[in-house]
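The values are calculated or read from the model by the stated rules, or taken from the named source; none is laboratory data. Quantities reported herein were computed from a predicted structural model and do not represent experimental measurements. Backbone-built Cβ (ideal geometry, glycine too); neighbour counts: all protein chains shown.
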Amino acid sequence: MKLDKIYEILDSIAPFSTQEDWDNSGWQLKLDDKEVKKILVTLDLDRDSLNQAIEKDIDLIVTHHPLLFESVKSIDSNSFLYELIKNDISLISLHTNFDKVFSGNNDYYGGLLGLEGLKGEGFIRFSKLREEVSLKDLLYRVKAINGEEPVFYTGNLDSKIKKIGFCVGSGSDFIQEAYEEGCDCFITGDIKYHTWQYANSLGIALIDGTHFHSEKNFSDNMYEMLAKKIGDSVSLEKPVNLKPPYQFI
Ligand SMILES: [Fe+2]
């Protein structure tokens, strides 16, 4: 399948025109309109995914986070961009268009949290639970996704949660909206010190699902969507070593 055709399919999944103004979803690197046989679908272009792509003769990498945001003024031979060019690997990213789209990152994360009847548009989703849960129960749902990484939160563990708001990635700015929608708890990533304080002042529970863990399932979700549309002519791969860009002890 040609690169342009795959771009068209990705656009039909999450239209690139719906991305935010500051975003750079779409082509990161387009190397000829050659026949694509293998695609790697992953959250980020990092050293591991690049090595996997080189070893496995990948023709195209599809990521959530764009490699390029700012203008490139020079290209170093150690850069990912150079290595992609050298190994003839194209790169397309679906960032804010895939956060917002129905069944995209946000809806998939809601499913992982066991939340039903998701409402909301743009970057935020709400779920009114049929039966209230304790904050502690909800925290353990987040913990089941985050594995051994600690889960930061604020709120009373025994408090009852009836309505939840969430935003994958970095959504601290939406806490006010969640509060105004009557949410008892808001879940997002990249939470700053003052946002914790603000949550306490509002009296809304806040959980840091982390940027990475709330979005790491991009590859599973996109893999399934692409597989349905692409058929057998192109083989799809997921990252063999998906990990956050930091460590913890
Ligand atoms: Fe993100």
Legend entry - Of residues in the range 90-107 being farther than 25 Å from Met1 by Cα and assigned to a helix (DSSP H, G or I), the one farthest from the ligand (Cβ to nearest atom): Asp107
Inset, instruction - Considering only residues that are of a type outside the set (D, E, K, R), part of a loop (DSSP other than H, G, I, E, B) and within 28 Å of Ile13 (Cβ to Cβ), look in the range 72-89 and name the one that is modelled with the lowest pLDDT. - result: Val72
Inset, instruction - Just one of (1) buried (at least 19 other Cβ atoms within 10 Å of the Cβ); (2) in a helix (DSSP H, G or I) trips up Pro66, so point out which. - result: (2)
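Please go through the range 150-178 and give me each residue that is among the small types (Gly, Ala, Ser), more than 16 Å from the ligand (Cβ to nearest atom) and within 21 Å of Tyr108 (Cα to Cα), ordered by number. Working first, answer last.
From the range 150-178, those among the small types (Gly, Ala, Ser) are 155, 159, 165, 169-172, 178; that's our starting set.
After this cut, where a residue has to be more than 16 Å from the ligand (Cβ to nearest atom) as well, the list is 155, 159, 165, 178.
Hits for the range 150-178 are Gly165, Ala178.
Only one residue in Glu148, Glu132 is in a strand (DSSP E or B), over 19 Å from the mean Cα position of the chain (by Cα) and not basic (Lys, Arg), so which one is that? Outline the logic, then answer.
Values: Glu148 fails: in a strand (DSSP E or B).
Testing whether each residue is in a strand (DSSP E or B), over 19 Å from the mean Cα position of the chain (by Cα) and not basic (Lys, Arg) leaves just Glu132.
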Inset, instruction - Test each condition in (1) in contact with a helix residue (DSSP H, G or I) (Cβ under 6 Å, 6 or more places away or on another chain); (2) away from the ligand (no atom under 16 Å from the Cβ) for His213 and report the one that comes out false. - result: (2)
Legend entry - Long-range neighbours under 6 Å by Cβ, at least six apart or interchain, first residue on the phi > 0 side of the Ramachandran plot within the range 176-198, second of a type outside the set (Asp, Glu) and outside any helix (DSSP H, G or I): Gly182/Lys163; Asp190/Ser170
Inset, instruction - Would you check if Ile54 is in contact with a Leu (Cβ under 6 Å, 6 or more places away or on another chain) and either closer than 23 Å to Asp208 by Cα or surrounded by fewer than 21 Cβ atoms within 10 Å (Cβ to Cβ) (or both)? - result: no
Legend entry - Residue within the range 79-96 that is surrounded by 18 or more Cβ atoms within 10 Å (Cβ to Cβ), touching a Phe, Trp or Tyr at 6+ places or on another chain (Cβ under 7 Å), not assigned by TED's automatic domain parsing to the domain that holds Lys119 and not basic (Lys, Arg) present: yes
Legend entry - the range 32-45, residues that are touching a helix residue (DSSP H, G or I) at 6+ places or on another chain (Cβ under 9 Å), at pLDDT 95 or above and surrounded by fewer than 19 Cβ atoms within 10 Å (Cβ to Cβ): Lys38
Inset, instruction - Test each condition in (1) out of contact with any Ser or Thr (no Cβ under 7 Å at 6 or more places or on another chain); (2) of a type in the set (A, V, I, L, M, F, W, C); (3) within 16 Å of the ligand (Cβ to nearest atom) for Ile58 and report the one that comes out false. - result: (3)
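For the range 185-207, indicate whether the set of residues that are touching a Leu at 6+ places or on another chain (Cβ under 9 Å) and among the acidic types (Asp, Glu) is non-empty. First the steps, then the outcome.
Here is the first cut: in the range 185-207, the ones touching a Leu at 6+ places or on another chain (Cβ under 9 Å) are 185-188, 191, 195-196, 198-200, 205, 207.
Subsequent filtering for residues that are among the acidic types (Asp, Glu) retains none.
No; the residues of the range 185-207 include none that is touching a Leu at 6+ places or on another chain (Cβ under 9 Å) and among the acidic types (Asp, Glu).
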Inset, instruction - Report yes if some residue within the range 12-26 is touching a helix residue (DSSP H, G or I) at 6+ places or on another chain (Cβ under 7 Å) and free of Cβ contacts under 8 Å to residues at least 12 places away in the same chain; otherwise report no. - result: no
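From the residues in the range 179-208 that are under 21 Å from Lys143 (Cβ atoms) and charged (D, E, K, R), which one is farthest from the ligand (Cβ to nearest atom)?
Taking the range 179-208 and keeping what is under 21 Å from Lys143 (Cβ atoms), we get 183-191, 195-196, 199, 204-208.
Then drop every residue that is not charged (D, E, K, R), which leaves 184, 190, 208.
On the way: Asp184: 25, Asp190: 9, Asp208: 14 Å.
Of everything passing the filter in the range 179-208, Asp184 is farthest from the ligand (Cβ to nearest atom).
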Inset, instruction - All but one of (1) within 30 Å of Gln52 (Cα to Cα); (2) in the same structural domain as Ser134 (by TED's automatic domain parsing); (3) away from the ligand (no atom under 16 Å from the Cβ) hold for Leu236, so report the exception by its number. - result: (2)
